[in-house]
Amino acid sequence: MQIYQLGEGQPELAVVAGIHGDEPCGVEAVERLVAEEPEVDRPVKLIIANEEALERGVRYVEEDLNRAFPGDPEGDTHESRLAHELAREVQGCTVLALHSTQSYAEPIAVIDTVDEIARSLAPLLPVDVLVETDNYTDGRLVEHAHTIELECGLQGSEEAAENAYWLTRAFLAASNALSVPATDDRLAQPERGEVEVFRLDGPIAKPPGREYDVVVPNFERVEAGERFAIADGEALTADEPFYPVLLSAEGYDDIFGYAAEAVGQLE
């Protein structure tokens, strides 16, 4: 784990990248900020988490780090021990965790529950979707009381790396850390009430098979009886209406993604 700091004093803000070794966008954003050394009004801790997985270009070494929190200093896996160390490093901080996805190109925010952090920060970030994970955190860092995750775009893309950088600057500006907010179209704030909030209902199981396809767009309502995916040529249809969240044919081994309900707009 690499740890950098912008500014002097005890950080109350942290940016975490490289939780997954096959998601380099956040790492590029952190390295860019470290090289630029921007002046900050509040100290910020910048962390590149799973260096070993990043070096190997794999999601994780022994277990998914973002399912291993709070971790164990004597844990049996690299990620269990790393989760404990990382949780200790960000204790007391408002945390931005940078990720990417195989299912959705636009940045989205993910949080455990819509709390004061989400209400104060999300409208100031260049995102128009906020996903509330609720009971489906599964040992993720987002269980930390003051963590907001950002899915920055498609995994491995230049756009995701660029988004990660500007999203990080937007987070720091919204948190009053950057004395002069950067100017870029990606920092355009949505109009109040434009952040749509979805709450996860649960995972959508992927049946055994060799070839899969998802045939509905994420965050658009799927009606009961509507086809949403294909597994080995067989259509899968919805038992009841839902909103797809991070549905992908390849993103997960045993699930397509998640079903969610729309719960309104963040106001």
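The values are calculated or read from the model by the stated rules, or taken from the named source; none is laboratory data. The shown structure was predicted, so the numbers you read here are calculated from the model rather than taken from an experiment. Positions of Cβ are generated from backbone atoms using ideal geometry, with glycine treated the same way; all protein chains shown enter the neighbour counts. Quick note on the areas: whole protein, heavy atoms, side chains included, nothing else; ligands and nucleic acids left out. Shrake-Rupley method; radii C 1.70, N 1.55, O 1.52, S 1.80 Å.
Some notes on this structure:
- Of the residues making up region 166-194, those that are of a type in the set (Val, Ile, Thr) and modelled with pLDDT of 90 or more number 1.
- Counting only strands (runs of 3 or more DSSP E) wholly contained in region 195-238, the ones carrying 2 or more residues that are among the small types (Gly, Ala, Ser) and modelled with pLDDT of 95 or more occupy 227-231.
- The residue that is farthest from Gly202 (Cα to Cα), counting only those in region 135-177 that are surrounded by fewer than 21 Cβ atoms within 10 Å (Cβ to Cβ) and of a type in the set (Ser, Thr, Tyr), is Ser175.
- Any hit, region 14-35, residues being at pLDDT below 95, open to solvent by 60 Å² or more (accessible area, probe 1.4 Å) and either within 27 Å of Glu250 (Cβ to Cβ) or out of contact with any strand residue (DSSP E or B) (no Cβ under 6 Å at 6 or more places or on another chain) (or both): no
- For region 238-267, a residue qualifies if it is farther than 25 Å from Asn66 by Cβ and open to solvent by 70 Å² or more (accessible area, probe 1.4 Å), and the qualifying residues are Asp239, Glu240, Gln265, Glu267.
- Residue in region 134-150 that is in contact with a Ser or Thr (Cβ under 7 Å, 6 or more places away or on another chain) and more than 23 Å from Gly71 (Cα to Cα) present: no
- Residue match in region 256-267 (condition: touching a helix residue (DSSP H, G or I) at 6+ places or on another chain (Cβ under 8 Å) and outside any strand (DSSP E or B)): yes
- Consider region 107-125 and keep the residues that are modelled with pLDDT under 95 and not aliphatic (A, V, I, L, M). The one that is most open to solvent (accessible area, probe 1.4 Å) is Arg119.
Yes/no matrix, rows are residues, columns are (1) under 22 Å from Leu178 (Cβ atoms); (2) touching a residue at least 12 places away in the same chain (Cβ under 8 Å); (3) of a type outside the set (Val, Ile, Thr); (4) surrounded by fewer than 20 Cβ atoms within 10 Å (Cβ to Cβ):
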| position | (1), (2), (3), (4) |
| --- | --- |
| Glu62 | no, yes, yes, yes |
| Phe69 | no, yes, yes, no |
| Gly75 | no, no, yes, yes |
| His78 | no, yes, yes, yes |
| Ala87 | no, yes, yes, yes |
| Leu98 | yes, yes, yes, no |
| Ser103 | no, yes, yes, no |
| Val127 | yes, yes, no, no |
| Thr133 | no, yes, no, no |
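- Of all residues in region 208-227 being closer than 14 Å to Glu250 by Cα and of a type in the set (Asp, Glu), the one that is surrounded by the fewest Cβ atoms within 10 Å (Cβ to Cβ): Glu211
- Restricting attention to region 239-251, the residues being touching a strand residue (DSSP E or B) at 6+ places or on another chain (Cβ under 8 Å) and assigned to a loop (DSSP other than H, G, I, E, B) number 7.
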